[in-house]
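A.B. asks: Sharing a structure here in C-alpha cells format.
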Amino acid sequence: MKIHSMTATFGKLENQALELRPGLNIITAPNEWGKSTWCAFLAVMLYGLDTREKTTKNTLAVKERYAPWSGSPMAGRMDLNWNGRDITIERWTKGRTPMGEFRAYETQSGLPVPELTGANCGQMLLGVEKSVFLRAGYLRLADLPVTEDEPLRRRLNALVTTGDDSGEADLLAQKLKDLKNKCRSNRVNGLIPQAEMEKAALENKLSELSAAKKQQIAIQQRQKELEEQIAGLENHKKALEYAASEENNRRILQAEATAAAAARHADILTARCADLPTSATAKQCLENLLSLQQQLQAVQMDAHLLPPPPQAPNVPPCLYNLPANKAVDQVNTDIADYHACMAISKKGFPFWILAVLAAAIGAALLLAEWFIPGLLMFGVGVCLSSFSVVRISKEKAAFAARRTKAESIRTRYGGGDPQDWLASAHQYAQKQAAYDAELTQYQQSRQQMNQRLSELNAAIREATQENSLPGAIEHWRSVLRLHDDLAIAQQEQQRAAEHAAAIKVMAKVVEKPTMEDNLNWSETVTAKLLADAAFEQKQLQIRLGQCQGRMDALGAEKDLQDKLDAVNARLDKLHKTFQALELALQTLEKATAELQRRFAPRIAKAAQALFGKLTGGRYDRLQLQQDLSVNAAATGENVLHTAQWRSEGTMDQLYFALRLAVARELTPEAPLILDDALVRFDDPRHAAAMEILRQEAENKQIILFTCQSREQ
C-alpha cells in the first residue's frame, strides 16, 4: 500500500493537506509543527478512533487531545494505492461520535469499495491488527522498545515457524479453551458447575423432602396430643360450670336471705322516723345551728385576737395630779419663776454714801461753829445711815427667799437644764394623748364585740330553745343519721332484691360431667389453655398444609432420585471430558512454547545484522527473548546485557533495528512511519540509519517526520 496524500481537520490541523510519494519521504519541520498530529491522524484514518478511551491523570484520550482547535468537527481524507487500485477513504464526524462516519471509494470513478469498512479498513489495507502495526510499522521516539502483545506474538510465531500468519494453532488452542470453559470457566460458569449446582439442588430437595416428611409425622402426632388435651380441658370446663351452677344456687339462697333481712331493717327504721321531722327540716335546722356555732367561734376568736388594753404612760413626779394638756403650761410657768428667782436684782441707791457725806458736812459745820446746821446735817447723816442699814437687811432677806424658791423648783424637776424639763413635759403630753386615743379605740372595739356576742347568744338561745348549742346540734345530727340510715336501708333492700332477681335470671341448669375430672385449673386458665390449644391446632393445620404443599412442590422422591442419578452420570462424563481437554491444552501449550522458541533466532538474526550496520560492527551478538525484550553484547564482551545497560542512543538504535526486522516480517507492504525516531543518533550511526532506510524504501513507502535538517 502507498499513500498519495492526506487532508486533515484534526488537532491543530485545519483542513491541511500533506502530499507523499513512493519510497522515502522526509518531512522536516520544527517542534509543534504537527508531526505527531499527522502520525496520530494516519492511525485514526486506518483503524478509526476509539471513543471508549478515557482520559487519565497522566494521559489525554485521543478524542480530547486531537479535538480540532478551531472547533470544527473532526474529519479527514486519505488518497492511496492498494493492490494497484487508487482508492480514497474518508472519515468524518456526525452527531456526537467523532470520526464515526466512514466511506471508501475508487478515486477516479467514485465507485464504492465495499470490502473496506470503518471497522476493517486498517486490517484489510495493512494486513495486521492495529496493535501489530503500532509495534511494527509505526516508530516514535517514545515508543521504540517493542513490548509483548498477543496479536504481535501470534503473528511472529506463526510467520516464523510455518510461513503462514493465519494462526491455525492459536485458533485450535482457543477452541480447546472455549470447550474447557464451556465445561468449567470458574466456580459458577460452565456445564460442570451447572451440573454440580443441579446436583446440589436435587440433593437439597431430597433432604427437604425427608425433613418435610418427618415434620408431617411430628405435626400429626402433635395434633393427636392436642385433641386429647382439648377433650380433657372441655370436660374440666363442664366440671367448672357445674360447680359454678351449684355455687349460684347457694348464692341465690343467700341473696334472698340478705334481701329479707334488709327489708326488716328498713321497716324498723321507717317506724322510728315516723314521728321525727323530715330530713329536709332537720338538715335546715342543723345548718342554721352550725352556722351560728361558726359565727360564735368566729366572734370568740376575734375577741381572743383583740389586743390588750393600752398601758398608761409614766407620769413624771413633778407633774402629778396635772392633766396632760396643762403640763406644758405649768412647766413654762415654773421655768419662768425659776429664771425670775435666779435673776440678780439691781442694787438700790447707796444711801450710806449720802449718810457719810451728810455726817462729814455736819462735822465740818460743827467745827465751823455752825452748830445748828451742823447738827441738822449730822442728824440727816445718822438718819440716812440707819435707813441704809435697814434697807440692806431687807434686800438680803428677799434674795435668800428667791434662792430658796428656785432650789425648790429645781429639786422638784430633779435638777438638770430647764429646757429638758420642757422637753420632758412635751414628751409626756404626746404619750398621754396617744394613750388616750388608743384607750378610746380599745373601749369602742370591746363595746362592739360585746354587742355582737350578746346578739349572737340571743339568736342561739332562740334557735336552741334555751338549750345548749352542742346538745341541739347533736340532736339534729341524730335525726339526720336516722333518716340517712333509713335511706341506706331502703337502697340496700332494693339492691338485695335486684341482686337476688338477677342471680335467678342468670342461673342455668348444668348437668354433671360424665368423665372424671383430674384437673385443677381455674376457669380463666382453662379458657386460656383451650384458646391456646385451638390456636395451635389452626397453626398446625396451616403448617401441615404448607408441609404438604412443599412436598408436592418438591415432587416425588423416586423422580428426584432418578434425576440425581442422571446428573451424577452426566457430571462424571463432564469431569472426564474436562480432564481430557486439560491434557490436550497442556500438550498444545508445550508444542506452542517449542514453536515460540523457534521464531526468536530468525528475528534476532535480521535485527543483529541491522544493529551491526548501525554501530559499524561494534555489536556482533544479539538475543531476542520470548517477551520481545533484547539482550546484546559488543565485540569482546563475554556476557549479554539488557538494553538498559547501554546509552540512550545505543538503546534507540537497538530497538530501531528490532523494529525494522519485525516490520520486514509482518508488514512488508505497509508504509513505515517514523516520528523523530533518529533524534538521539550520532552522525555516523545516523548516516548508517539513513542508508538502511534508503534501502528499505526500494520495497516500501517510508514517511520520516523529523525536526532536524541532517536527514535531507
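The values are calculated or read from the model by the stated rules, or taken from the named source; none is laboratory data. Here the structure is a predicted model, which is why all the values come from computation and not from measurement. Here the Cβ positions follow ideal geometry from the backbone for every residue, glycine too, while neighbour counts run over all protein chains shown. Just so you know, the surface numbers come from the protein's heavy atoms only, side chains and all, with ligands and any DNA or RNA stripped out. Shrake-Rupley method; radii C 1.70, N 1.55, O 1.52, S 1.80 Å.
A.B. asks: Among (1) modelled with pLDDT of 80 or more; (2) surrounded by 15 or more Cβ atoms within 10 Å (Cβ to Cβ); (3) at negative phi, there is one condition Glu698 misses while meeting the rest; what is its number?
C.D. replies: Glu698 satisfies all of (1) modelled with pLDDT of 80 or more; (2) surrounded by 15 or more Cβ atoms within 10 Å (Cβ to Cβ); (3) at negative phi except (2).
A.B. asks: What residue, of Thr464, Thr524, is closer than 20 Å to Asn248 by Cα and either β-branched (Val, Ile, Thr) or touching a residue at least 24 places away in the same chain (Cβ under 8 Å) (or both)?
C.D. replies: From the options Thr464, Thr524, the qualifying one is Thr524.
A.B. asks: Oh, and also: Let me confirm something: among Ala670, Ala687, which residue is more than 17 Å from Ser131 (Cα to Cα) and small (Gly, Ala, Ser)?
C.D. replies: Ala687
A.B. asks: Condition first: under 30 Å from Gly84 (Cα atoms) and free of Cβ contacts under 8 Å to residues at least 60 places away in the same chain. Now tell me which residues in the stretch 658-695 satisfy that.
C.D. replies: Leu660, Ala661, Arg664, Pro668, Met690, Gln695
A.B. asks: Based on what the data block shows, is Val505 assigned to a loop (DSSP other than H, G, I, E, B), out of contact with any Lys or Arg (no Cβ under 9 Å at 6 or more places or on another chain) and either within 15 Å of Arg272 (Cα to Cα) or open to solvent by 50 Å² or more (accessible area, probe 1.4 Å) (or both)?
C.D. replies: no
A.B. asks: Sticking with this structure for a sec: If Val510 meets every condition in (1) open to solvent by 70 Å² or more (accessible area, probe 1.4 Å); (2) under 30 Å from Glu256 (Cα atoms); (3) β-branched (Val, Ile, Thr) apart from one, which number is that one?
C.D. replies: Every condition holds for Val510 apart from (1).
A.B. asks: Restricting attention to the stretch 475-488, which residues are open to solvent by 90 Å² or more (accessible area, probe 1.4 Å) and either touching an Asp or Glu at 6+ places or on another chain (Cβ under 7 Å) or not hydrophobic (A, V, I, L, M, F, W, C) (or both)?
C.D. replies: Within the stretch 475-488, His475, Arg477, Arg481 meet the criteria.
A.B. asks: Could you check how many residues of the stretch 14-63 are open to solvent by less than 40 Å² (accessible area, probe 1.4 Å), among the small types (Gly, Ala, Ser), touching a residue at least 40 places away in the same chain (Cβ under 8 Å) and in a helix (DSSP H, G or I)?
C.D. replies: 1
A.B. asks: Could you figure out which of (1) without any contact (Cβ under 8 Å) to a residue 40 or more places away in the chain; (2) of a type outside the set (Val, Ile, Thr); (3) surrounded by 13 or more Cβ atoms within 10 Å (Cβ to Cβ) isn't true of Gln539?
C.D. replies: If we test Gln539 against (1) without any contact (Cβ under 8 Å) to a residue 40 or more places away in the chain; (2) of a type outside the set (Val, Ile, Thr); (3) surrounded by 13 or more Cβ atoms within 10 Å (Cβ to Cβ), just (3) comes out false.
A.B. asks: Would you please list the contacts, defined by Cβ atoms under 9 Å and residues six or more apart or on different chains, that run from a residue in the stretch 170-197 that is in a helix (DSSP H, G or I) to a residue that is open to solvent by 90 Å² or more (accessible area, probe 1.4 Å) and basic (Lys, Arg)?
C.D. replies: Leu191/Lys182; Leu191/Arg570; Pro193/Arg187; Ala195/Arg570
A.B. asks: Hey, another quick one. With respect to Tyr47, determine if the residue is within 23 Å of Gly34 (Cβ to Cβ) and either out of contact with any Phe, Trp or Tyr (no Cβ under 7 Å at 6 or more places or on another chain) or at pLDDT 90 or above (or both).
C.D. replies: Answer is yes for this residue.
A.B. asks: Within the stretch 407-458, count every residue that is of a type in the set (Asp, Glu) and more than 26 Å from Leu306 (Cα to Cα).
C.D. replies: So the answer is 3.
A.B. asks: What is the one condition in (1) at pLDDT 95 or above; (2) open to solvent by less than 40 Å² (accessible area, probe 1.4 Å); (3) under 24 Å from Pro668 (Cα atoms) that Ala75 does not satisfy?
C.D. replies: (3)
A.B. asks: Now a separate question. Counting only residues that are in contact (Cβ under 8 Å) with a residue 40 or more places away in the chain and open to solvent by less than 100 Å² (accessible area, probe 1.4 Å), which one in the stretch 439-456 is nearest to His475 (Cα to Cα)?
C.D. replies: Leu456
A.B. asks: Test Glu466 against the stated conditions and say whether it is open to solvent by 90 Å² or more (accessible area, probe 1.4 Å), assigned to a helix (DSSP H, G or I) and farther than 14 Å from Ile268 by Cα.
C.D. replies: no
A.B. asks: Can you name every residue in the stretch 638-673 that is farther than 14 Å from Arg685 by Cβ, at pLDDT 65 or above and open to solvent by 10 Å² or more (accessible area, probe 1.4 Å)?
C.D. replies: The answer is Arg664, Glu665, Leu666, Pro668, Glu669.
A.B. asks: State whether one or more residues within the stretch 513-523 are modelled with pLDDT of 80 or more, in a helix (DSSP H, G or I) and in contact with an Asp or Glu (Cβ under 9 Å, 6 or more places away or on another chain).
C.D. replies: Within the stretch 513-523, one or more residues are modelled with pLDDT of 80 or more, in a helix (DSSP H, G or I) and in contact with an Asp or Glu (Cβ under 9 Å, 6 or more places away or on another chain).
A.B. asks: Considering every residue within the stretch 368-384, establish whether at least one is touching a Phe, Trp or Tyr at 6+ places or on another chain (Cβ under 6 Å), assigned to a helix (DSSP H, G or I), free of Cβ contacts under 8 Å to residues at least 40 places away in the same chain and surrounded by 13 or more Cβ atoms within 10 Å (Cβ to Cβ).
C.D. replies: Yes.
A.B. asks: I would also like to ask the following. Could you tell me how many of the residues in the stretch 93-123 are crowded, with 16+ Cβ neighbours inside 10 Å and either farther than 19 Å from Ala75 by Cα or polar (S, T, N, Q) (or both)?
C.D. replies: 3
A.B. asks: Among the candidates Gln221, Gln229, which residue alone is open to solvent by 30 Å² or more (accessible area, probe 1.4 Å), modelled with pLDDT of 90 or more and over 30 Å from Val505 (Cβ atoms)?
C.D. replies: Gln221
A.B. asks: In the stretch 415-468, how many are small (Gly, Ala, Ser) and at positive phi?
C.D. replies: Number of matching residues: 2.
A.B. asks: Could you check the stretch 409-429 and list, in sequence order, the residues that are part of a helix (DSSP H, G or I) and open to solvent by 70 Å² or more (accessible area, probe 1.4 Å)?
C.D. replies: Passing the criteria: Arg410, Thr411, Arg412, Gln419, Asp420, His426, Gln427.
A.B. asks: Going through Pro98, Pro114 one at a time, which residue ends up being modelled with pLDDT of 65 or more and in a strand (DSSP E or B)?
C.D. replies: Pro98
A.B. asks: Applying the selection to the stretch 268-290, what residues are surrounded by fewer than 12 Cβ atoms within 10 Å (Cβ to Cβ) and of a type outside the set (A, V, I, L, M, F, W, C)?
C.D. replies: The answer is Asp275, Thr278, Glu287.
A.B. asks: Of the numbered conditions (1) at pLDDT below 80; (2) open to solvent by 70 Å² or more (accessible area, probe 1.4 Å); (3) not β-branched (Val, Ile, Thr), Leu152 satisfies every one except a single condition; which is it?
C.D. replies: (2)
A.B. asks: Need pairs with beta-carbon distance below 8 Å; first residue charged (D, E, K, R) and within the stretch 232-244, second surrounded by fewer than 16 Cβ atoms within 10 Å (Cβ to Cβ) and assigned to a helix (DSSP H, G or I); sequence gap 6+ or separate chains.
C.D. replies: Pairs that qualify, where the first residue is charged (D, E, K, R) and the partner is surrounded by fewer than 16 Cβ atoms within 10 Å (Cβ to Cβ) and assigned to a helix (DSSP H, G or I), are Lys237/Glu523; Lys237/Ala527.
A.B. asks: I've got another one for you. Provide a single number: the residues in the stretch 84-100 that are at positive phi and free of Cβ contacts under 8 Å to residues at least 24 places away in the same chain.
C.D. replies: Count: 2.
A.B. asks: Starting from the stretch 101-129, keep only residues that are free of Cβ contacts under 8 Å to residues at least 40 places away in the same chain, then list their pairs with residues that are open to solvent by 40 Å² or more (accessible area, probe 1.4 Å) and assigned to a strand (DSSP E or B) whose Cβ atoms are within a distance under 6 Å, requiring at least 6 positions of separation or different chains.
C.D. replies: Every condition considered, the pairs that remain are Glu101/Trp92; Glu101/Lys94; Tyr105/Pro112; Thr107/Asp86.
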